[in-house]
Amino acid sequence: MNNNIGIAALLLSIGLIISSAILGIYWKDSRSFESYVTVKGLSEREVYADRAWMAVSTSFGSNSVEDVRAVMSSQETKIRSYLTEKGFAESEIITDNINIYENEYKEATYRFSANLRVTVTSKNVDAIEKASGDKTGLIERGVLVSGDKWSNGPKYYYTQFTDIKTEMIAEATKEAEKAAKEFASTSGAKVGKIRRANQGIFQILPGDRSTESEEFYKDKVIRVVSTLDFYLD
């Protein structure tokens, strides 16, 4: 009887030791996966606009609707002629705004006022830049240009973003891993698998990295900063 109790106690002790060892190993492994480092990886590309836009706006007044219509037609023809002479195709030129309204206040010079805007969108970025900076031809035709750079441009766009997006994400991830390895080397650890990854937001900046809108610059900088957690072994 006493022998059986002794054997049972011995077996129980051995089981507890084995269980404790297993739990200890598991705890150690679990603790190792709680060690990680958070790093950031940067990727940048200098690009050049491949599409541009500009507008020619004008306004005028008259005391009859018939006269307004006649002037409107004449002005539109002159603007379109000017733009085609600058090398733009008819398919690139659009009359996107015609507005005629009656002036209701008594001190108005004209009974009716009108606004006209003709836009051009083209892949010929340099031609857009040149045409937007040379409005003397329009003035000589009797077209009084109105508006500012926000409404009339020129504005420049980069449309090939999807072609470089994947490559930039991969580069940012690689740079983040490089930073993690540099950190690990100073602490005697090794970099393991990715614990968590945040792709980050793509930004398009002016080529000179100023705070102005990138739409006004032909040269641009595209950048993304990815944030990643790497396990440390």
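Any read-out appearing in this document is the output of simple, stated calculations on the displayed coordinates, not a laboratory observation. Keep in mind that this is a model prediction, so the values were computed, not measured. Ideal geometry is used to build each Cβ from the backbone, glycine not excepted, and the neighbour counts take in all protein chains shown.
Each Cα pair under 8 Å and six or more residues apart adds its sequence gap; the mean of these over the residue count of the chain is a relative contact order of 32 percent. Applying both filters, DSSP loop and at most 11 other Cβ atoms within 10 Å, to the GluC sites (Glu not before Pro) of the stretch 67-155 gives 104, 107.
Can you bin the chain into rounded, prolate or oblate? Criterion: square roots of the alpha carbon gyration tensor eigenvalues sorted a ≥ b ≥ c, rounded for a/c under 1.5, prolate for a/b above b/c, oblate for the rest.
Values: a/c = 5.63, a/b = 3.53, b/c = 1.60.
Prolate shape, in that a/c is at least 1.5 and a/b is the bigger ratio.
Within the stretch 103-147, the chymotrypsin sites (Phe, Trp or Tyr not before Pro) that combine a DSSP coil assignment with at most 12 other C-beta atoms in a 10 angstrom radius are 105. Reported to the nearest whole Å, the Cα centre-to-centre distance from the stretch 216-233 to the stretch 100-171 is 32.
About the Cα centre, and with charges only on the beta carbon of Lys, Arg (+1) and Asp, Glu (-1), how big is the dipole of the chain? Nearest 20 debye, please.
780 debye
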